[in-house]
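Working notes, structure below.
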Amino acid sequence: MRIEEGSIEVEVPGEATDGKEGEVFYNPEMELNRDLTVATLRAYREREGDESAAPTTYLDATAASGIRGVRAAADGWTATTCDVDPEAVELAAENFERNGLEGETVHDDANVLMHQERFDVVDVDPFGTPIPFADAAVRSAQGLLCVTATDTAPLCGAHFESGVRKYGAVPRNTEYHAEMGLRVLVSALVRTAAKFDVAARPVFSHVTDHYARTYLDLEQGARAANALLDELGHVDHCQHCLYRDHERGLLADPGEECPHCGHHLQTAGPLWLGDPHDPEFVAAVREQVTDDLGTADRARDLLSTVEEELSAPTHYDQHRLYKRWNESAVGMDDFLATLRDAGHEASGTHYGGTTFKTTADVAEIEAALH
Ligand SMILES: C[S@@+](CC[C@H](N)C(=O)[O-])C[C@H]1O[C@@H](n2cnc3c(N)ncnc32)[C@H](O)[C@@H]1O
């Protein structure tokens, strides 16, 4: 099937495939992810400045049809695609040619290629967890690392042991599960980079549909890597009253009892407690969303919400709170305005239409709304 995405036309398998039955993987649902990648690459290149120093090389490490690499090439990047599946490699080569674009297509294990070659930008968009590629990706990427994870159940604590094994962190299944997953993922990537004396700071992240995506700025140096370790820590969560608190530091010092309702507290971590976004960079990405991107409206909405999102490490779901209060929910704009009138900072989040962040704790939220 021939499809158009952005300014390119590529051949992909006829229907959405999982890539596990001898067919090259293609998922039309990931168009937003790819559009945001194109816009992020543009913002990154612009931020890096003058022509001679600007980043030029992009690796699509787990490429399937090569759609990401071809789109990057169409935007002026010197693109390389890699896949272990020979049919995928052949299709990627045809897709470069179909668009009259140059692009190197490598048939290899991405870990082998990434240990051998360096690229300004490395993009890892695999099946499930990206962790098997993380060491090599950090070694290979010179500037920006782009990572997708689709194993949301281990990340958010729904598959607890799997999450602990893969990410070296304790995840907890809370009502902010998508954010828990993102912070577990970023924590693992920050710690992976730190092993190589590299600081990996997230500049834009989002959780959409069934995946988490994060873009990390890489900086060489033990001191810079140490500074990021200071932004890891733990969240204490009460499943009963939704109280939560967080503390920085690699060693957990969990509270035993919820100070709000006295129930047992669960501890998650080490999580990334810093901001998963650089709002200035996110604004620059939004500026780079052009109308030829098929998901332009959705991308702009998501980026504006992310830009405004407070950096607090957990969010609330307004409906969960109203259910506990046994009341009907008010509109989100009024809800946020009430919190602000009571002297708290408050914002919506990109995790869902009924989610919000605030500097108020659960008791202060309740007091402000009653
Ligand atoms: C989810 S698909 C990639 C989708 C693609 N990035 C897109 O946007 O359409 C994952 C791809 O990774 C490839 N893959 C799996 N293990 C790999 C490895 N060790 N090295 C390189 N590619 C690998 C699979 O063959 C598959 O084509």
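The values are calculated or read from the model by the stated rules, or taken from the named source; none is laboratory data. In this text the structure is predicted, and so the values were computed from the model without any measurement. Every residue, glycine as well, gets a Cβ built from its backbone with ideal geometry; the counts of neighbours run over all protein chains shown.
Is it true that some residue in the range 93-109 is at pLDDT below 95, over 28 Å from PHE204 (Cα atoms) and either out of contact with any Ser or Thr (no Cβ under 9 Å at 6 or more places or on another chain) or within 11 Å of the ligand (Cβ to nearest atom) (or both)? Break it down into steps so the answer makes sense when it comes.
Let us first name the residues in the range 93-109 that are at pLDDT below 95, namely none.
No.
Under the condition of being in contact with a Gly (Cβ under 7 Å, 6 or more places away or on another chain) and aliphatic (A, V, I, L, M), which residue from the range 76-98 is nearest to ALA61 (Cα to Cα)?
ALA79
Condition check ((1) within 16 Å of VAL24 (Cα to Cα); (2) touching a residue at least 60 places away in the same chain (Cβ under 8 Å); (3) surrounded by fewer than 18 Cβ atoms within 10 Å (Cβ to Cβ)) across all residues:
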{"residue": "THR78", "(1), (2), (3)": "no, no, yes"}
{"residue": "CYS82", "(1), (2), (3)": "yes, no, no"}
{"residue": "ASN95", "(1), (2), (3)": "yes, yes, no"}
{"residue": "GLY103", "(1), (2), (3)": "no, no, no"}
{"residue": "VAL112", "(1), (2), (3)": "no, no, yes"}
{"residue": "ALA149", "(1), (2), (3)": "no, yes, no"}
{"residue": "ALA158", "(1), (2), (3)": "no, no, yes"}
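Report yes if LEU189 is assigned by TED's automatic domain parsing to the domain that holds PRO154 and under 23 Å from GLU48 (Cβ atoms), otherwise no.
Details: assigned by TED's automatic domain parsing to the domain that holds PRO154: yes; under 23 Å from GLU48 (Cβ atoms): yes.
It is true that LEU189 is assigned by TED's automatic domain parsing to the domain that holds PRO154 and under 23 Å from GLU48 (Cβ atoms).
Of ALA284, ALA268, ALA296, ALA329, which residue is buried (at least 19 other Cβ atoms within 10 Å of the Cβ), farther than 26 Å from TYR167 by Cα and in contact (Cβ under 8 Å) with a residue 12 or more places away in the chain?
Working: ALA268 fails: farther than 26 Å from TYR167 by Cα; ALA296 fails: buried (at least 19 other Cβ atoms within 10 Å of the Cβ); ALA329 fails: buried (at least 19 other Cβ atoms within 10 Å of the Cβ).
Residue meeting the stated conditions: ALA284.
Do we find that ARG320 is under 30 Å from VAL164 (Cβ atoms), out of contact with any Cys (no Cβ under 8 Å at 6 or more places or on another chain) and either surrounded by 16 or more Cβ atoms within 10 Å (Cβ to Cβ) or not assigned by TED's automatic domain parsing to the domain that holds ALA43 (or both) in this structure?
Working: under 30 Å from VAL164 (Cβ atoms): yes; out of contact with any Cys (no Cβ under 8 Å at 6 or more places or on another chain): yes; either surrounded by 16 or more Cβ atoms within 10 Å (Cβ to Cβ) or not assigned by TED's automatic domain parsing to the domain that holds ALA43 (or both): yes.
Answer is yes for this residue.
Read through the list (1) hydrophobic (A, V, I, L, M, F, W, C); (2) within 22 Å of the chain's Cα centre (by Cα); (3) in a loop (DSSP other than H, G, I, E, B), then give the number of the only condition that LEU251 fails.
(2)
Among the residues of the range 272-290, write down those that are small (Gly, Ala, Ser) and assigned to a loop (DSSP other than H, G, I, E, B). Please lay out each step first, then the result.
At the first step, the residues of the range 272-290 found to be small (Gly, Ala, Ser) are 274, 283-284.
Residue satisfying the conditions is GLY274 alone.
Go through ALA337, ALA299, ALA342 for me and flag whichever is over 27 Å from THR152 (Cα atoms) and in contact with a helix residue (DSSP H, G or I) (Cβ under 9 Å, 6 or more places away or on another chain). Spell out how you get there, then give the answer.
Values: ALA337 fails: in contact with a helix residue (DSSP H, G or I) (Cβ under 9 Å, 6 or more places away or on another chain); ALA299 fails: over 27 Å from THR152 (Cα atoms).
The match here is ALA342.
Would you mind stating whether VAL38 is under 24 Å from ALA141 (Cα atoms), within 15 Å of the ligand (Cβ to nearest atom) and touching a residue at least 12 places away in the same chain (Cβ under 8 Å)? It would help to see each step written out before you state the result.
Values: under 24 Å from ALA141 (Cα atoms): yes; within 15 Å of the ligand (Cβ to nearest atom): yes; touching a residue at least 12 places away in the same chain (Cβ under 8 Å): yes.
Criteria met by VAL38.
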